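Derivation of every value follows stated rules applied to the coordinates shown; laboratory data play no part. The structure displayed is predicted, hence computed values, not measured ones. When we count neighbours, we look across all protein chains shown, and the Cβ atoms used for this are built from the backbone with ideal geometry, even at glycine.
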Amino acid sequence: MAHIAMVVTNACAPDPRVERHAIWLTELGHDVEIHAWDRQCTNPRLEQKNGYKIVRYQFGVVGSSTPFRTWFMKKKFISNLKLEHDLLILNDTDTANVNFQGPVILDIHDLAHTWPLMRGNSPLHKFASSRMLSQAKRIIRDADEIVVSAPDFCKWVAKYGRDSTCVMNRRSSFSIPITKEKVVGYFGRIRELEPIISLLDAAKKAGFKVILAGDGSEVENVLREYSDVDYRGPFTEEDLPNLMKEISVMYAMYNEKRANIKNGAIPTKMLDAAAFGIPSIVNQNTPMGELCESEELGKTAPYGDIEKISEAMLQAHGMEISKIKGEDKLEFIRVVRKLLD
């Protein structure tokens, strides 16, 4: 049995990818701790869950509108970690610089250096993005093994001279009754207002009800602009099946100016929905759109085109999803065993 530490710069409340991997490791008999930064200070500092432990670090509330404080507190979180485990798994490149003597797996969920540019394109945002990219290059160079969440991320990592293993956010199929009502959902972090506006406008045109669930920096703005929207708040992994029972289509569209979209990010919500037998709508002519079409997981539409999105919504409604590939568990376990066996 190995003692394994996982580090993530969110509160892990929840983080489905991190927790899925933690479960796989505990099933092998390993002792797993997730070290998480709870910037809102709203969750238990210590939580035992499904055989693993979540240790949350709280240094005062950090709002999304305070980038300097966010940077400082993230640095404080990283520097406070004193880990003496057999293996360290860093979740995303913004967890680099943890002081650790031992084998390290870097798990790239997303391209973290693109996040500052989602909030603006000022010289400050560009500087922050550049610094995070430099940090990403260092940890890519230094990590013993690298896993990524999307096939095209392997190509991005290869630009910096490293091989990586793709472990997608797929889950095993889960049978639920699918509503015949015209209801479209968006379940996940709400970081941008524009895609949500497109969702609401297209749903209105197509005659669909909308359900939103999740946290994120733009939640308050969405609720301010659309006070009557059916917003369910943050949700847990245990809440997901009941949420899925209420929708017939999942919306998973993103601004294509984001570098992570151009570089091949695959939305977890599309893979989640497929596992429950629910079709999605995603961006046309993107890696996510190509995967959606090739695996018949839903329909695609041009980003921001309300007419085409509403048409895709109607086409997806009632679509049968049957090609579920299941979890990429074996790929992940192979990487871990390389460093522990």
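With charges only on Cβ, +1 for K and R and -1 for D and E, what is the dipole size of the range 183-316 about its Cα centre, in debye, rounded to 20? Numbers along the way, then the final one.
Details: 14 positive and 22 negative charges, 32 e Å.
For the range 183-316, the charge dipole is close to 160 debye.
For SER294 and LYS159, compute 0.36 nm times the residue count separating them, minus their Cα-Cα distance, and round to one decimal in nm. Walk me through the numbers on the way to the answer.
Working: separation 135, 0.36 × 135 = 48.60 nm, distance 2.60 nm.
That works out to 46.0 nm of additional length.
Give me ILE278, ILE178 ranked fewest to most by other Cβ atoms within 10 Å of their Cβ, as a rough exposure proxy.
Ordered by Cβ neighbours within 10 Å, fewest first: ILE178, ILE278.
Most exposed first by the Cβ proxy, i.e. fewest other Cβ within 10 Å, how do THR95, THR26 rank? Could you put the intermediate results ahead of the total?
Values: THR95 25, THR26 17.
The order, fewest Cβ neighbours first, is THR26, THR95.
Summing +1 for each Lys or Arg and -1 for each Asp or Glu, what net charge is found among the other residues whose Cβ lies under 13 Å from the Cβ of HIS109?
Numbers: positive: ARG17, ARG20, ARG189; negative: ASP15, GLU19, ASP92, ASP94, ASP107, ASP110.
Taking every Cβ under 13 Å from that of HIS109, the sum is -3.
Find how many whole Å separate the alpha carbon centroid of the range 209-227 from the alpha carbon centroid of the range 121-197.
A separation of 22 Å, based on Cα centres.
Taking the chain as a Gaussian network, Cα atoms linked when under 10 Å apart, which of LEU271, LEU106, LEU240 shows the biggest mean-square fluctuation?
In this elastic network of the chain, the residue with the biggest mean-square fluctuation among LEU271, LEU106, LEU240 is LEU240.
Which of the three applies to the range 222-292, rounded, prolate or oblate, going by the alpha-carbon gyration tensor with a ≥ b ≥ c and a/c under 1.5 meaning rounded?
Numbers: a/c = 2.13, a/b = 1.31, b/c = 1.62.
The shape class here is oblate.
Return the whole-Å distance between the Cα centroid of the range 62-88 and the Cα centroid of the range 288-341.
For the range 62-88 versus the range 288-341, the Cα centre distance is 32 Å.
Considering the zone a paramagnetic label at ARG138 would reach in this model (a point 7 Å from Cα along the Cα-to-Cβ line), which residues of the range 57-80 have amide N under 13 Å from it?
Residues 75, 79 qualify, since their backbone N sits under 13 Å from the label point.
Calculate, for SER122 and LYS323, the FRET efficiency according to 1/(1 + (r/R0)^6) with r their C-beta to C-beta distance and R0 56 Å; round to the nearest 0.05. Provide the component values of the computation, followed by the final result.
Working: r = 44 Å, r/R0 = 0.78.
Computed FRET efficiency for SER122 and LYS323 comes out at 0.80.
When the distances between all Cα atoms of the range 183-316 are binned every 10 Å from zero, what whole-number percent does each bin get?
Histogramming the range 183-316 at 10 Å steps yields 13, 48, 36, 3 percent.
May I ask you to sort ASP107, ASP163 by Cβ crowding, counting other Cβ atoms within 10 Å and putting the fewest first? Walk me through the numbers on the way to the answer.
Details: ASP107 27, ASP163 9.
Lowest to highest Cβ neighbour count: ASP163, ASP107.
For the pairs LYS245/LYS269; LYS159/LYS269; LYS209/LYS308, note any where the Cα-Cα span goes beyond 21 Å.
On the way: LYS245/LYS269 14 Å; LYS159/LYS269 28 Å; LYS209/LYS308 17 Å.
From the list (LYS245/LYS269; LYS159/LYS269; LYS209/LYS308), the Cα-Cα distance tops 21 Å for LYS159/LYS269.
How big is the Kirkwood radius of the chain, worked out from every pair of different alpha carbons and given in Å to one decimal? Working shown, then result.
On the way: mean 1/r = 0.0483 Å⁻¹.
Taking every pair of different Cα atoms in the chain, averaging 1/r and inverting gives 20.7 Å.
With +1 assigned to the C-beta of every Lys and Arg and -1 to the C-beta of every Asp and Glu, and no other charges, what is the dipole magnitude of the chain about the Cα centre in debye, to the nearest 20? All intermediate terms of the calculation are to be shown ahead of the outcome.
Values: 45 positive and 46 negative charges, 184 e Å.
Once rounded to the nearest 20, the dipole reads 880 debye.
What ranking do 241-250, 280-289 get when scored by the average of other Cβ atoms within 10 Å per residue, highest first?
Numbers: 241-250: 19.2, 280-289: 22.4.
Answer by packing, highest mean first, reads 280-289, 241-250.
Translational diffusion coefficient of the range 121-213 at 25 °C, 0.890 mPa s, Stokes-Einstein with Kirkwood Rh over Cα pairs, in µm²/s as a whole number. Can you show the working numbers first?
Details: Rh = 17.4 Å.
Once the numbers are plugged in, D ends up at 141 µm²/s.
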